[in-house]
1. Averaging sequence separations of C-alpha pairs under 8 Å and six or more residues apart, then dividing by the length of the chain, give the relative contact order as a whole percent.
2. Compute the helix-to-body angle for 57-74: its Cα long axis versus the longest principal axis of the chain, expressed 0 to 90° and rounded to tens.
3. Which of the aspartates and glutamates could be linked to Lys7 by a straight reach, that is with a Cα gap under 12 Å, when you skip same-chain ones fewer than 8 residues away?
4. State the antiparallel share, in %, of DSSP beta bridges confined to the chain, rounding to the nearest 5.
5. What number, rounded to the nearest 500 deg cm²/dmol, is the helix-based mean residue ellipticity at 222 nm of the chain, given -39500 (n - 2.57) per DSSP H run of at least four residues and division by all its residues?
6. Can you tell me the accessible area per residue over the chain, all protein chains present, probe 1.4 angstrom, in square angstrom?
7. In segment 16-30, whose amide N lies under 19 Å from the spot 7 Å out along Cα-to-Cβ of Ser54? List them in ranges.
8. Computing the accessible area with a 1.4 Å probe over protein heavy atoms, can you report the carbon and sulfur percentage for the chain?
Amino acid sequence: QALRFLKQQGLKLITHNYYCRQGEIDLIMTDQQTLVFIEVRYRKNAHYGSGAESVTNSKQKKVRRTAEHYLLHKTKSPAPACRFDVVAIYPSDTAQSSLQFDWIKNAF
């Protein structure tokens, strides 16, 4: 559902669930000329914090290292402009079975 949401915002999918020894990136997309590495987090409730808050410094380091691996092995030189986004998903307060999306560009 995060993928559908981001496509509606004009992003284009490169790959999903990119995995290497360093870690995993949920979505890799392009936003015009920018390569975007996206961490998706779902929270059923905010009892333990929001989805965005759950992207710890440790997780950010893993995503960065995985992005470096992707850039080294999957892109041409020079590397494109990049950014790291977080999409936090949670149930809507107003509509049953509906989701809210909190898209944080340049999250880290």
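The values are calculated or read from the model by the stated rules, or taken from the named source; none is laboratory data. Computed from a predicted model, the values in this text were never measured in an experiment. Neighbour counts run over all protein chains shown; Cβ positions are idealised from the backbone, glycine included. SASA here: full protein model, heavy atoms, side chains in, ligands and nucleic acids out. Shrake-Rupley method; radii C 1.70, N 1.55, O 1.52, S 1.80 Å.
1. Working: 180 pairs, mean separation 27.8, N = 108.
Normalised by residue count, the contact order of the chain is 26 percent.
2. The answer is roughly 40 degrees.
3. Once the sequence-local aspartates and glutamates are set aside, what remains near Lys7 is Asp31.
4. Details: 18 of 26 bridges.
That works out to approximately 70 percent antiparallel.
5. When only DSSP H runs of four or more count, the value is -7500 deg cm²/dmol.
6. On the way: 7150 Å² over 108 residues.
Result: 66 Å² of accessible area for each residue.
7. Residues 17-18, 23-28 fall inside that zone.
8. Working: 3270 of 7150 Å².
So the carbon and sulfur contribution to the accessible surface is 46 percent.
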